1. Does region 12-32 hold any residues that are assigned to a loop (DSSP other than H, G, I, E, B) and under 15 Å from Met1 (Cβ atoms), and which are they?
2. Restricting region 59-79 to residues that are among the small types (Gly, Ala, Ser) and over 17 Å from Gly10 (Cβ atoms), which is surrounded by the most Cβ atoms within 10 Å (Cβ to Cβ)?
3. If you go through region 56-79, how many residues are in a strand (DSSP E or B) and over 12 Å from the mean Cα position of the chain (by Cα)?
4. Filter region 1-55 down to the residues that are of a type in the set (Gly, Ala, Ser) and over 11 Å from the mean Cα position of the chain (by Cα), then identify the one that is nearest to Glu65 (Cα to Cα).
5. What number of residues in region 13-31 are of a type outside the set (Asp, Glu), modelled with pLDDT of 95 or more and surrounded by 13 or more Cβ atoms within 10 Å (Cβ to Cβ)?
Amino acid sequence: MTTIEFDIRGQICPSTLLTALKEINHHRTGLKNGNCMLVFLTDNRDATITIPETVRNMGYGGQVEKRDGYYVLTISRAG
């Protein structure tokens, strides 16, 4: 599985969500097939709610992990 990382630290909502949606749509085939996983690094706490909620509504899996001073959002195939 390929992991593709995006550093969106410094961006605020809705920019964080729009960036994530753009990349999810660009990599949708790989996500649906389970061939890739997207990782977003963010320091925007609102993004830890909006992005995972949105991707779950789209049928993907979304996880949030807090690190020292930022968050790691992982988007992958559901299940």
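1. Narrowing region 12-32 to residues assigned to a loop (DSSP other than H, G, I, E, B): 12-14, 27.
Answer for region 12-32, where residues must be assigned to a loop (DSSP other than H, G, I, E, B) and under 15 Å from Met1 (Cβ atoms): just His27.
2. Here is the first cut: in region 59-79, the ones among the small types (Gly, Ala, Ser) are 59, 61-62, 69, 76, 78-79.
Narrowing the set further to residues that are over 17 Å from Gly10 (Cβ atoms) leaves 59, 61-62, 76, 78-79.
Values: Gly59: 11, Gly61: 15, Gly62: 22, Ser76: 18, Ala78: 13, Gly79: 7.
The selected residue is Gly62.
3. Within region 56-79, residues that are in a strand (DSSP E or B) and over 12 Å from the mean Cα position of the chain (by Cα) number 1.
4. Residues of region 1-55 of a type in the set (Gly, Ala, Ser): 10, 15, 20, 30, 34, 47.
Remaining after also requiring over 11 Å from the mean Cα position of the chain (by Cα): 10, 15, 30, 34.
Numbers: Gly10: 18, Ser15: 20, Gly30: 22, Gly34: 20 Å.
By that ranking, first place goes to Gly10.
5. Residues that pass the stated criteria total 11.
The values are calculated or read from the model by the stated rules, or taken from the named source; none is laboratory data. These figures come from a predicted structure and were not determined experimentally. As a convention, Cβ positions derive from the backbone with ideal geometry for all residues, glycine included, and neighbour counts pool all protein chains shown.
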